[in-house]
Amino acid sequence: MKLPLSVLVVVHTAKMEVLLLERAQRPGFWQSVTGSLDRPDEAFETAAARELREETGIAAADGRLRGWNVAYTFEIYAQWRHRFAPGVTHNTERLFSLELAEPAPVTLAPQEHIAFAWLPWREAARKCFSWSNRDAILMIGAAL
């Protein structure tokens, strides 16, 4: 069972080009790196670094991983609730970003994603299906 605790990692360059991934199970749904904690005692930063490596092949050490002290709580889409314990309907997601000097090569996890794109941050925000992902990109873009 998945834990209802997750990370959202916005990968971007110094010029605010943002990496988006297209979901394998939901073509047309674009997002940043996301993933649940493996264990209740796993540190969110550890989960962020692990998910980066698993979903993109990019190491957190390749750039500057930053925690934003922002958490989003949202309802889990009905089609994905079977992954969680019975009765779990909401997830809490902690926000991180990884700043790279320039776009890096990406190695997708084919069971999770089918395509990737590096986009200007405002365009990336518009393309995201998730409001929390959109808001995170807009916040980071405005801050940087």
Segment 96-105 - phi-based ³J(HN,Hα) in whole Hz, Karplus 6.51/-1.76/1.60, Gly and Pro as x: 10, 9, 10, 9, 10, 5, 8, x, 9, x
Please compute the net charge surrounding Ile58, taking Lys and Arg as +1 and Asp and Glu as -1 over other residues with Cβ under 13 Å from its Cβ. -3
Taking the chain as a Gaussian network, Cα atoms linked when under 10 Å apart, which of Arg66, Arg50, Arg26 shows the biggest mean-square fluctuation? Arg26
At a 1.4 Å probe, what is the % contribution of carbon and sulfur to the accessible area of the chain? 52
How much length would be gained if the chain were fully extended between Ile76 and Thr46, taking 0.36 nm per residue of separation minus their Cα-Cα distance, in nm to one decimal? 8.5 nm
For Asp62 and Arg122 in one chain, what is 0.36 nm times their gap in residues minus the Cα-Cα distance, to one decimal in nm? 19.2 nm
Calculate the spin-label point distance for Ala14 paired with Ala143, positioning each point 7 Å from the Cα along the beta-carbon direction, and give it in nanometres. 2.0
Rounded accessible area per residue of the chain, 1.4 Å, Å²: 51
Can you tell me the orientation of helix 131-143 relative to the chain, as the angle in degrees between its alpha-carbon axis and the longest Cα principal axis, to the nearest 10? 30
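The values are calculated or read from the model by the stated rules, or taken from the named source; none is laboratory data. The structure displayed is predicted, hence computed values, not measured ones. When we count neighbours, we look across all protein chains shown, and the Cβ atoms used for this are built from the backbone with ideal geometry, even at glycine. Surface areas here come from the heavy atoms of the whole protein model, side chains and all, with no ligands, DNA or RNA. Shrake-Rupley method; radii C 1.70, N 1.55, O 1.52, S 1.80 Å.
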